[in-house]
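As structure tokens, the structure follows; a few thoughts come after it.
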Amino acid sequence: MRVRDTIDTWNVYVITDETLQGRSHVDIAKDALAGGSEVIQLRDKTASSRRLYEAALEIRQLTWKAGACFIVNDGLILRLLLMQTVCTWGRMIYLAAAIRRFLGQEKILGVSVRTVEEALKAEKDGVDYLGVGRFLKPAAQG
């Protein structure tokens, strides 16, 4: 079965975030996979490329062994080096059709959108899933 065919069956999708969870990306991924996660997304806007690459290599091995999907949110070169099956491209909505042509139909493509119009465009351009941010306004700080 192709990974692309499994997207509708994902139940547990974990995004690693060292700053929120106070643990390493690899430790978060290990625990998530042990708990049954089918998808691990590595996301880190502050780590060096080298540190992110090292974590990604280890998580890639863990997800292969577990039969889980692995998503890298940041870094084109990192995504290409890992030859991953899922690519998240952030605010690349207006390049989605070109990215789809580059990736082919086997890869799962995700982009971030901010409006219904962007979501409809993404669907038309062959995007498989959307990142939509928060649904509620943050509580007022006082």
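The values are calculated or read from the model by the stated rules, or taken from the named source; none is laboratory data. Given the structure is predicted, the values throughout are model-derived calculations rather than measurements. Glycine gets a Cβ as well: all are built from the backbone with ideal geometry, and neighbour counts include every protein chain shown.
Going by the conditions given, is Leu42 out of contact with any Phe, Trp or Tyr (no Cβ under 7 Å at 6 or more places or on another chain), closer than 26 Å to Asp128 by Cα and among the aliphatic types (A, V, I, L, M)?
On the way: out of contact with any Phe, Trp or Tyr (no Cβ under 7 Å at 6 or more places or on another chain): yes; closer than 26 Å to Asp128 by Cα: yes; among the aliphatic types (A, V, I, L, M): yes.
Yes, satisfied.
Which of the residues spanning the range 23-45 are at pLDDT below 85 and out of contact with any strand residue (DSSP E or B) (no Cβ under 9 Å at 6 or more places or on another chain)?
As a first pass, look at the range 23-45 and keep what is at pLDDT below 85: 43-45.
Matches in the range 23-45: Lys45 only.
Looking only at the range 60-115, filter to residues that are in a helix (DSSP H, G or I) and among the small types (Gly, Ala, Ser); which one of those is modelled with the highest pLDDT?
Ala66
With (1) surrounded by fewer than 21 Cβ atoms within 10 Å (Cβ to Cβ); (2) closer than 24 Å to Thr9 by Cα; (3) hydroxyl-bearing (Ser, Thr, Tyr) as the list, and Tyr53 as the residue in question, which single condition is left unmet?
Failing condition for Tyr53: (2).
When the residues of the range 97-117 are narrowed to those that are of a type in the set (D, E, K, R) and touching a helix residue (DSSP H, G or I) at 6+ places or on another chain (Cβ under 9 Å), which ends up farthest from Val127 (Cα to Cα)? Explain how you work it out, then say what you get.
At the first step, the residues of the range 97-117 found to be of a type in the set (D, E, K, R) are 100-101, 106-107, 114, 117.
Those left that are additionally touching a helix residue (DSSP H, G or I) at 6+ places or on another chain (Cβ under 9 Å): 106-107, 114.
Details: Glu106: 12, Lys107: 10, Arg114: 15 Å.
For the range 97-117, the residue satisfying everything is Arg114.
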